[in-house]
Amino acid sequence: MNLNDTDFQLFAVPATFAQDRAALDARWKELQREAHPDRFAAQGAAAQRVAMQWSVRINEAYQRLKDPIRRASYICELNGAPLNAENNTAMPPDFLMQQMEWREALDDAGDIAAVEQLQAEVEAGRARALSSLDWLIDEKGDYPAAAQQVRALMFIERFGQDVEAKFDQLGQ
């Protein structure tokens, strides 16, 4: 193992958007067993510190690989198309219109049924975005377009949280 390896190299998986979650979970457990600081107790404090660094590195990689948004963002960055989500919020007009319609629908939703319908639309939009990422990254290799799709998915995720908050508000 090398600290400079990519997350994909560290986990010995292909550098693709599509990942087998069970394989990631199994590899994470295996790597954690190998790097656990207790295994190095007899070798002294320095060896335990290095093992702790490895453990942190493994956990960071695992968190990034298991989350589709973080994984896609990481792949885009590795391929020269960073998201720059903090200062690049440009979105296609049709996506912005959908977001405005969703916002209005959420504001107007007065009962659980209306929020459930909106939640279903958001989940469908999320599924389409994830499918698009799979195609853009693994099939087409269009990392700039994938970065834009990740930014859109981030908007969808945030809106999904707002929908959950509306459920909580109506449930009280």
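Taking one quarter of the surface of the convex hull spanned by the alpha-carbon atoms of the range 93-171 gives a direction-averaged projected area of 5.0 nm². Could you please state, rounded to a whole Å, how far the C-alpha centre of the range 100-172 is from the C-alpha centre of the range 1-78? The two parts, judged by their Cα centres, are 29 Å apart.
Within the chain, the whole DSSP H helices whose Cα atoms reach 27 Å or more along their own axis and whose mean Kyte-Doolittle score is at least -0.5 are 45-66, 112-134, 143-171.
Just checking the listed ones, Asn87, Asn79, Asn59: in the Gaussian network model of the chain with Cα springs under 10 Å, the one fluctuating most is Asn87.
Its Cα centre serving as origin, the range 93-171 has a Cβ charge dipole (Lys and Arg +1, Asp and Glu -1) of approximately 280 debye. The residues packed around Leu78, meaning those with a beta-carbon under 14 Å from its beta-carbon, carry a net charge of -1 if Lys and Arg are +1 and Asp and Glu are -1.
Here, each number is a calculation from the coordinates, and none is a lab measurement. This one's a predicted model, so the numbers in the text were calculated from it and none came from an experiment. Positions of Cβ are backbone-derived with ideal geometry, glycine not excepted, and every protein chain shown enters the neighbour counts.
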